[in-house]
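Down below is the structure, laid out as structure tokens.
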Amino acid sequence: MTTRRSMIASRSFAALALALALVPSAFAVDIRVSPTGSDTQPGTLVAPVRTLEAARKLARPHAGREPVTITMADGTYYLDQPLVLTSDDSGSAGAPVIYRAAHEGKAIVSGGERLDPLDWQPWKNGIFRTQVPTDLQTEEIFVNGERQILARYPNFDPTAQYFDGFAADAISRERAARWSNPAGGYFHAMHPALWGDFTWRITGKDAANAVTLEGGWQNNRGAAAHERIRFVENVFEELDAPGEWFLDDRTHTLYFLPPAGLDLAHAKIEATRLRTLVEFRGDAARPVRWVTLRGLLFRQAARTVMDTREPLLRSDWAIYRGGAIFFNGAEDCVLVDSFIDQVGGNAVFVNNYNRRVAIRGTHIAKAGASGICFVGDPRAARSPLFNYDQVQALAAIDRTTGPKTDNYPADCLVDDCLIHETGRVEKQTAGVEIDLAARITVRHCSIYDLPRAGINIGDGCWGGHVIEFCDVFDTVKETGDHGSFNSWGRDRFWRPNIDEVNAWVKQAPELPLLDVVQPIVLANNRWRCDHGWDIDLDDGSSNYVIRNNLCLHGGIKNREGYRRTVENNILVDGGYDPHVWYANSGDSFCRNIVWTDYRPANMPPPPWGEVMDFNLMHVSDATQSTPATRLREQSGRDEHSLVADAQFVDPERGDYRVKSGSPALALGFVNFSMDQFGVQKPELKAIARTPLLPQVKTPAPIATTRPAEPATWLGARVRNITSEGEMSAFGLPGVTGVLVLEVPADSVLTKAGLQKGDVILGLDETAVNNTSQLVAPARPLSHGQSMTVGISRNQKAMTLKIVP
């Protein structure tokens with residue numbers, strides 16, 4: 001299916017492609033660059049210049065007046081400084097400026113330097129060492145084009161789920177006693193709830209071997225470091241495994257333990273220097289226009305993890321505004337048919353004002369942070385807040401619809417791109433990240449092997465995005481409580497307390513759509529998340545249309561939000577997770593095929609949403625259609641929904657279209673294409689992976705899980721948290737507890753401050769995982785002693801003191 005928004009975007013970018021195609025093949029200005037050239041030469045085929053900066057200077061007098069092409073011969077171009085393009089370097093629709101490789105992928109733009117010659121000498125334990133230039137400062141070394149391992153503990157283990165190896169004692173006093181001077185090292189740890197990660201720079205250690213640290217600002221929902229999932233790197237004494245290296249910048253000595261079989265004497269050794277390789281430096285008043293980068297290979301941009309510290313509204317993210325390719329104030333500029341390989345931070349960052357920027361046919365692999373980011377200026381938002389716990393009074397909220405300024409990306413495109421194995425350094429990252437932007441289209445992309453979400457939308461500002469025909473899988477491999485698609489909508493209207501939002505929206509119904517002014521469309525995609533949801537609409541995500549998606553494992557989660565339409569999707573081996581909704585949410589769930597009943601976590605009494613009906617619960621080999629009684633009991637709707645065999649065409653090969661005569665068709669379900677997911681460019685399609693298909697051969701049992709039976713504790717009614725969905729709903733991924741259902745007004749618990757909806761996690765120093773631990777043990781309350789109760793309220797930890 002093609003949406004109207006998609007058609008408009010297609011026409012816009014088709015116009016761009018047509019304009020480029022109409023440029024004469026005999027370019028008016030043809031500038032040649034070669035690594036063996038000289039900047040004193042005129043830039044011709046027989047006398048090329050050596051640097052991109054020299055080519056840029058030759059191009060500027062002609063830019064925008066006549067077509068200009070800068071053709072780069074095969075070889076590596078080591079940049080002294082980023083190539084910076086300003087409005088004075090702009091082309092025009094009829095006369096674009098194109099930087100292109102003579103042969104696709106053979107012109108390499110590097111932010112590093114080659115360390116040559118090096119005099120490697122054996123040191124000890126298989127380690128070699130060599131002197132390097134005195135000004136070398138780097139955190140990444142490449143050997144024959146491959147990034148090597150900064151000396152670390154524990155050692156690199158690609159089979160480990162987190163950090164390629166983790167250990168609880170990473171910075172223990174016992175471990176630190178081995179280190180003579182760990183200053184300059186790094187300590188990495190996951191968030192205790194696995195909502196991302198943190199990095200600290202080691203500044204030293206004290207006489208008792210306690211490590212001193214600075215940093216930990218990379219996550220916008222800060223907390224203590226995870227007690228087990230942690231590691232250290234860039235510590236000399238931890239250099240003990242093949243592929244590890246360490247640079248002693250005091251003696252300018254590089255140490256390396258080469259892998260078996262490496263001919264170190266003839267190896268190409270490179271070190272990163274620059275963070276940014278190409279920068280489009282314009283603004284709304286003077287944009288960089290009509291410049292294309294085509295067929296280039298970008299490598300060796302430096303790590304930026306310690307500068308990832310800017311919070312993004314009330315999402316869980318912090319961001320570093322930079323990337324190997326950095327667009328700022330660009331219009332009608334294109335990155336096409338290129339490869340961004342093993343850069344240390346974000347591969348592409350589209351920052352603040354940009355219009356009609358396109359990234360097409362491009363391969364991004366092994367980036368240290370995110371693949372492609374579209375992030376606007378938070379000052380463009382009205383009534384912005386920056387942390388989950390921040391709130392404001394209703395009277396203080398600006399009620400004007402839409403953005404305050406135009407300083408944000410809009411009408412941009414990511415098309416036919418292969419993005420994988422990003423997040424090699426930072427885990428709070430995504431294949432494509434969208435924040436404070438409007439009308440971003442992500443189409444025909446294959447995105448996989450990521451620590452967190454494949455595509456993440458951090459807020460509702462300002463909607464209009466279209467995600468279509470993408471193939472996103474093997475995600476959320478190191479974090480938790482996310483999805484292959486993940487979003488938040490903690491916009492002006494949102495507060496952690498659902499009852500407060502209900503009251504606000506009853507008073508001011510326009511609130512939910514003040515920021516997300518246009519619908520966000522997810523259509524014709526294939527998703528698979530084995531560690532969360534295939535599609536996860538989290539806190540406040542509103543104004544979504546989710547249509548024609550094939551979800552292969554995790555199903556669809558809609559936490560609280562407004563006006564979400566979920567229709568004509570197939571949720572293989574899973575179901576719909578309504579989680580927790582607002583009153584009068586306006587949600588719709590119709591004509592979908594599911595495998596299980598609904599999975600509510602803390603839903604209001606039925607009926608749910610605006611409409612939920614004409615859905616089919618698939619049971620293999622069912623001989624007849626029967627009413628979906630369980631769905632109807634849950635939702636208070638689903639009057640026409642059925643339990644039946646959907647009669648798929650060829651599910652073992654991933655074809656989940658239904659056959660003619662399927663009861664799903666009678667309910668209004670419409671088949672959609674199963675062969676258009678992911679990249680279409682032949683060169684990318686040949687190397688792109690596809691997801692593992694589920695093997696659901698036996699009849700799937702209809703789930704009948706119901707909330708646990710309540711118990712009574714000191715007069716309060718309580719029950720167990722029973723599912724991962726409930727853990728997520730209460731902000732407790734991986735943590736069980738006891739939910740408070742009702743507290744008598746005159747009880748000692750009310751006096752202590754316990755409220756309905758609190759989750760009890762502990763009494764005194766003892767964890768409470770279920771009601772039996774809460775109710776059965778004798779407690780000191782009857783002896784006149786006080787008791788501390790650890791709770792979580794609106795995803796925030798608190799301690800109450802009970803005094804009889």
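The values are calculated or read from the model by the stated rules, or taken from the named source; none is laboratory data. What you see is a predicted model, and the numbers here were worked out from it, not measured in a lab. Don't worry about glycine lacking a Cβ; one is built from the backbone with ideal geometry, like all the others, and counts go over all protein chains shown. Accessible surface is based on the protein model in full, side chains and every heavy atom, while ligands, DNA and RNA are left aside. Shrake-Rupley method; radii C 1.70, N 1.55, O 1.52, S 1.80 Å.
Things to note:
- Within a straight-line Cα-Cα reach of under 18 Å, LYS659 can be paired with the following lysines, leaving aside sequence neighbours fewer than 8 residues apart in one chain: LYS697.
- The stretch 229-283 and the stretch 409-476: distance between their alpha carbon centers, rounded to Å: 29
- Distance from the alpha carbon centroid of the stretch 512-530 to that of the stretch 122-194 works out to 39 angstrom.
- Shown in residue order for the stretch 103-118 are the 3J(HN,Hα) couplings computed by the Karplus curve 6.51 cos²θ - 1.76 cosθ + 1.60 at θ = phi - 60°: 9, 3, x, 9, 9, 9, 9, 10, x, x, 9, 8, 8, 8, x, 10 Hz (x for Gly and Pro).
- Over the stretch 199-245 - Rg/Rh using Cα atoms and the Kirkwood inverse-distance radius: 1.01
- Only helical runs count toward this figure. For the chain, summing -39,500 (n - 2.57) over DSSP H runs of n ≥ 4 and dividing by all residues gives -2000 deg cm²/dmol at 222 nm.
- Over 25 Å between alpha carbons, listed pairs LYS557/LYS685; LYS366/LYS685; LYS106/LYS685: LYS557/LYS685
- Crossing angle, helix 498-507 versus the chain [Cα axis fit, 0-90 degrees, rounded to tens]: 90
- Per-residue packing, averaged as other Cβ atoms within 10 Å, sorts the ranges 464-475, 269-280 into the order 464-475, 269-280, beginning with the highest.
- Accessible surface of THR76, taken over heavy atoms with a 1.4 Å probe and every protein chain present, rounds to 40 Å².
- Between the stretch 756-770 and the stretch 301-354, the C-alpha centres lie 42 angstrom from each other.
- Radius of gyration and Dmax over the Cα atoms of the stretch 82-131, both given in Å: 20.7, 63
- DSSP beta bridge pairing in the chain, given as percent antiparallel to the nearest 5: 35
- In Å², nearest 10: area of LYS205 left accessible to a 1.4 Å probe: 60
- Annotation for the stretch 344-408: chymotrypsin sites (Phe, Trp or Tyr not before Pro) lying in DSSP loop with at most 12 further Cβ atoms inside 10 Å of their Cβ do not exist.
- Solvent-accessible heavy-atom area per residue, rounded to whole Å², over the chain at 1.4 Å: 38
- With all protein chains in place and ligands, DNA and RNA left out, the 1.4 Å accessible area ranks THR401, THR479 as THR401, THR479, largest first.
- Heavy-atom accessible area ranking, 1.4 Å probe, most first, across LYS756, LYS427: LYS756, LYS427
- Per-bin percent of Cα-Cα distances, the stretch 156-229 [5 Å]: 3, 16, 24, 25, 20, 10, 2, 0
- Accessible area of the chain belonging to carbon and sulfur atoms, whole % at 1.4 Å probe: 50
- Both the radius of gyration and Dmax for the stretch 461-536 are 15.2, 43 Å, in that order, over alpha-carbon atoms.
- Under Stokes-Einstein, with the Kirkwood radius over Cα pairs as Rh, the value for the stretch 491-605 at 25 °C and 0.890 mPa s is 171 µm²/s.
- Cross-link partners of LYS751 among aspartates and glutamates (Cα-Cα below 17 Å; sequence separation of 8 or more within a chain): GLU742
- In terms of accessible area, using a 1.4 Å probe and ignoring ligands and nucleic acids, SER180, SER723 rank largest first as SER180, SER723.
- Degrees separating the helix 4-21 axis from the principal Cα axis of the chain, which is the longest one: 0
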